[in-house]
Amino acid sequence: MAEVKGMKALQCGVITMVLLSSAVFAFVEDLDDTFKDNRMDDVWLVDFYAPWCGYCKKLEPIWYEVGAELKNSGSPVRVGKMDATAYTGMASEFGVRGYPTIKLLKGELAYNYKGPRTKDDIIEFANRVAGPSVRSLPSRQMFEHVLKRHNVLFMYIGGESPLKEKYIDVASELIVYTYFFSASEDIMPEQYVTLSELPSVVVFKDGSHFTYDEYEDGRLASWVNRERFQSYLQIDGFTLYELGETGKLVAIAVIDEKNSPEESLRIKSLIQRVSTEHRDSFYREKQLKQTQDVER
């Protein structure tokens, strides 16, 4: 009798798992060559994959979780996947050169995702890029809210100007990496920022703020690309690659916290202090970082 009950319980468990799996799969759409004609009315997050690709197979369960969470959160982003080896023309048109390739498609624009392949990072990317390139902040309360939420954020402060037009263009290009906001001068609390002139572009990070100077910092896009990193943070392979693309010099402390915790803490404290207290001496040329050694 007990054995029968156990078998029934096992069968129920299997049925429940199948139902849950089916529910998760339902949030990711299989796309074919008709996708090109039907995609313009929606924002799409698409995984271009190859059936034989090991990295694609590793991403697959994460991708279904992404689809389920975006759907359940009320996001307007639709999630799909396309076999790029079966629809080579479509893959070529979207610039797919490797597998898996993740792109967010919004109107005529296609944004590449280059970050860690985790559910949270992919969802963060989708929600950021799906929205407006520049988000307007209507109040001081909203400014303080976004300041607490983001480690790095860019802000245009002032009215209409040629600088704002440049800022919008840069935001449209670099929204894949970071957030861009705009606000009028009267909603900026004085304890956070005091500006000598308007309009201005400011980056908030490392517990402080830094203002763009066209004569000292060069092109706005180049300045934003350099400043989108905190002065000190733990890095991974994706972040290191992105840092290399900026042309900055990078100081990396490689430590083993398990074997020498006190020494590691001293090194971390030293490089963190140098990166923040001596920023003006090197910030246009160097970026201080630390990474943690891992067990082999």
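Here is how the numbers come out for the structure above:
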quantity	calculated
Scan of the range 127-154 for residues that are small (Gly, Ala, Ser) and within 20 Å of the chain's Cα centre (by Cα), ordered by number	Ala130, Gly131, Ser133, Ser136
Any hit, the range 148-157, residues being β-branched (Val, Ile, Thr) and without any contact (Cβ under 8 Å) to a residue 12 or more places away in the chain	no
Lone unmet requirement of (1) surrounded by fewer than 20 Cβ atoms within 10 Å (Cβ to Cβ); (2) assigned to a loop (DSSP other than H, G, I, E, B) for Ser92	(2)
For Glu245: the one exception among (1) surrounded by fewer than 18 Cβ atoms within 10 Å (Cβ to Cβ); (2) of a type outside the set (Val, Ile, Thr); (3) assigned to a loop (DSSP other than H, G, I, E, B)	(3)
Listing of strands (runs of 3 or more DSSP E) fully contained in the range 105-215 that carry 3 or more residues being at pLDDT 95 or above and among the basic types (Lys, Arg)	none
Qualifying residue in the range 204-215 (condition: β-branched (Val, Ile, Thr), touching a residue at least 24 places away in the same chain (Cβ under 8 Å) and either touching a Gly at 6+ places or on another chain (Cβ under 8 Å) or surrounded by 13 or more Cβ atoms within 10 Å (Cβ to Cβ) (or both))	no
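Here's the yes/no breakdown for (1) more than 18 Å from the chain's Cα centre (by Cα); (2) crowded, with 17+ Cβ neighbours inside 10 Å; (3) more than 23 Å from Leu195 (Cβ to Cβ); (4) at pLDDT 75 or above:
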position: Ala221; (1), (2), (3), (4): no, no, no, yes
position: Ser231; (1), (2), (3), (4): no, yes, no, yes
position: Gly237; (1), (2), (3), (4): no, no, yes, no
position: Ala251; (1), (2), (3), (4): yes, no, yes, no
position: Ile255; (1), (2), (3), (4): yes, yes, yes, no
position: Leu265; (1), (2), (3), (4): yes, no, yes, no
position: Arg273; (1), (2), (3), (4): yes, no, yes, no
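Residue by residue, here is whether (1) surrounded by 14 or more Cβ atoms within 10 Å (Cβ to Cβ); (2) farther than 22 Å from Thr178 by Cα; (3) in contact (Cβ under 8 Å) with a residue 60 or more places away in the chain holds:
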residue	(1), (2), (3)
Ala68	yes, yes, no
Pro76	no, no, no
Tyr113	yes, no, yes
Asn127	yes, no, no
Ser136	no, no, no
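The values are calculated or read from the model by the stated rules, or taken from the named source; none is laboratory data. The model shown is predicted, which means the values in this text are computed figures rather than measured ones. A quick note on method: Cβ atoms are made from the backbone with ideal geometry, for glycine too, and the neighbour counts reach across all protein chains shown.
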